[in-house]
Amino acid sequence: MTRAAQRSRWELRVRRGRAVLVNRADPADQERRAVHEYDPARLALPSTLVEDLHEWAHVVHTVPPDQDISGETSAVLMSRRGRQLAARLAAETGGEVGYWDPSRGRMSRVRRASPADGPPEPAPWATGITISVVIAAIVTVSLVVVSRGLAEVSLVLALLVNAVVVGGFAPSIWLGRRVPVWRWVAFGVAGGVALAWLALLLSLLG
């Protein structure tokens, strides 16, 4: 790492639904006091981290902060997710990262995880899979019942409704697939749509 990189101070912020990294040079460096914003994609960061940063920023920008999600507001969940991403960013840049919490409107310092911090919190597989199975069952039954009813009237209408439903689900599935809590719902919806289409296809073949 260069001397200039060691002095740089990164801050993670959201600008118009996109994640940006603000570079604040060491105040002792009189020639580099200017503040510069960078798209994370321009830096030597893993592509998965860049994608997660922009997805998080998009959700923060589009989802109302007071929306209730499994007993917690979206602002709390997005704040927690932002800190997780800031910790990953700190690990990649080799130091602390400033995290501007968009829901609380304040800056905090997030450092990279160390062995002293203990192992990461395990994913709640049992609860998550249960949620996914329940959501998949609801989506499968609902989609099959509606599609069969519409198919008796018009097969074209049934196909059109399926396309509209899946098109409406697709953005939520894409954004929620890596967000804690929401990912289990997203997996369930995706699985339910796939099972419904399989059932409808088998009914047509039969």
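A few remarks follow.
- Looking across the stretch 132-185, the residues that are closer than 30 Å to Ala57 by Cβ and assigned to a loop (DSSP other than H, G, I, E, B) come down to Arg177, Arg178, Val179, Pro180, Val181.
Residue by residue, here is whether (1) open to solvent by 40 Å² or more (accessible area, probe 1.4 Å); (2) of a type in the set (D, E, K, R) holds:
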| residue | (1), (2) |
| --- | --- |
| Thr140 | no, no |
| Ser147 | no, no |
| Leu150 | yes, no |
| Leu160 | yes, no |
| Ala163 | yes, no |
| Pro171 | yes, no |
| Arg177 | yes, yes |
| Ala186 | no, no |
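- Just one of (1) without any contact (Cβ under 8 Å) to a residue 12 or more places away in the chain; (2) more than 15 Å from Leu201 (Cα to Cα); (3) over 26 Å from the mean Cα position of the chain (by Cα) fails for Ala170. It is (3).
- Scanning the stretch 156-202 for residues that are modelled with pLDDT under 85 and over 22 Å from Val134 (Cα atoms) yields no hits at all.
- Number of positions in the stretch 64-110 that are touching a residue at least 60 places away in the same chain (Cβ under 8 Å) and basic (Lys, Arg): 2
- Qualifying residue in the stretch 123-137 (condition: of a type in the set (Ser, Thr, Tyr), in contact with a Phe, Trp or Tyr (Cβ under 6 Å, 6 or more places away or on another chain) and modelled with pLDDT under 85): no
The values are calculated or read from the model by the stated rules, or taken from the named source; none is laboratory data. The structure presented is a predicted model; accordingly, all values stated were derived computationally and were not measured. All Cβ positions, even for glycine, are placed from backbone atoms using ideal geometry, and neighbour counts span all protein chains on display. Each accessible area value is taken on the protein alone, full model and side chains, heavy atoms only, with ligands, DNA and RNA left out. Shrake-Rupley method; radii C 1.70, N 1.55, O 1.52, S 1.80 Å.
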